[in-house]
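We did not get these values from a lab; they are worked out from the coordinates using the rules stated. Values in this document were obtained by computation on a predicted structure and should not be read as measured data. Because the Cβ atoms are built from the backbone with ideal geometry, glycine has one as well, and the counts that use them run over all protein chains shown.
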Amino acid sequence: MRVTESFVSLQGEGERQGMPCFFLRLSGCNLRCAWCDTEYSFEKGTERSVDTIVEEIAQSKLPYVCITGGEPLLQKEELKTLLEILKAANIFVDIETNGTIPFDDITQFASISMDVKCPSSGEMSDLSLLAHLQKKDCVKFVIGDEADYLYMVEVLAARKPKAPVFITPVFGTDTKWLVETIIEERLPVRFQLQLHKLVNVQ
């Protein structure tokens, strides 16, 4: 597998925010979001065998793994092998994806966190994939401006995903208007800041 980095930190986003976690960042991405904060993962990375990765996860002694990128589903075949091993070892896995590659064939092994791309990103997710999300998964919208917010409202109304929805502002932008709007409109979402950036960990 092509790996950019692996490390232990706190989960900064999503349903398991704040939990100690082993992160595996795979290399390569099929999108170029305007506000991407992991552009270094676009490079080829280092080749590591599945067995080597499994051993590193075992040494971490953590029962929770987050596989991210880049876009991890670009390496789906090797990823499936890894996921089967981790499931057999009772290790819980989150996969963070940009929602452009089908994931219905791996949901039995992991929880999916689908990051729906909003207009300010300059990219677009495949919204039909929202229908494959389950309650154990989650949907994330990174909001940079009002156009992003209105897009999110439109998508939620049209698609009605079963998974819980998280709203995260683009890091460094004003959040007051977003919080006030969520409260005023009684949106069925969870507002969330990126914890790892607030506490200054990787």
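Cα centroids of segment 167-202 and segment 123-143: 18 Å apart. ALA34 sits among other residues whose Cβ lies under 15 Å from its own Cβ, and their net charge, with Lys and Arg +1 and Asp and Glu -1, is -4. Computed from backbone phi, the HN-Hα couplings of segment 125-140 come to 8, 8, 5, 5, 5, 4, 5, 8, 6, 10, 4, 6, 8, 8, 10, 10 Hz, rounded to whole numbers (Karplus: 6.51 cos²θ - 1.76 cosθ + 1.60, θ = phi - 60°; Gly and Pro given as x).
Residue ranges 72-84, 187-199 sort as 72-84, 187-199 when ordered by packing (mean number of other C-beta atoms within 10 Å per residue, highest first).
Over all directions, the average projected area of the alpha-carbon convex hull for segment 2-198 comes to how many nm²?
With every direction weighted equally, the projected area is 10.3 nm².
Amide H contacts under 5 Å for PHE191: ILE167, restricted to partners 5 or more places along the chain or on a different chain, H placed in the peptide plane at 1.01 Å from N. Check the straight Cα-Cα distances from LYS80 and name the lysines below 22 Å, setting aside those fewer than 8 residues away within the same chain. Filter leaves LYS44, LYS61, LYS135, LYS136. Applying a 4.7 Å cutoff between beta carbons, the unpaired cysteines of the chain are CYS21, CYS29, CYS66, CYS118, CYS138.
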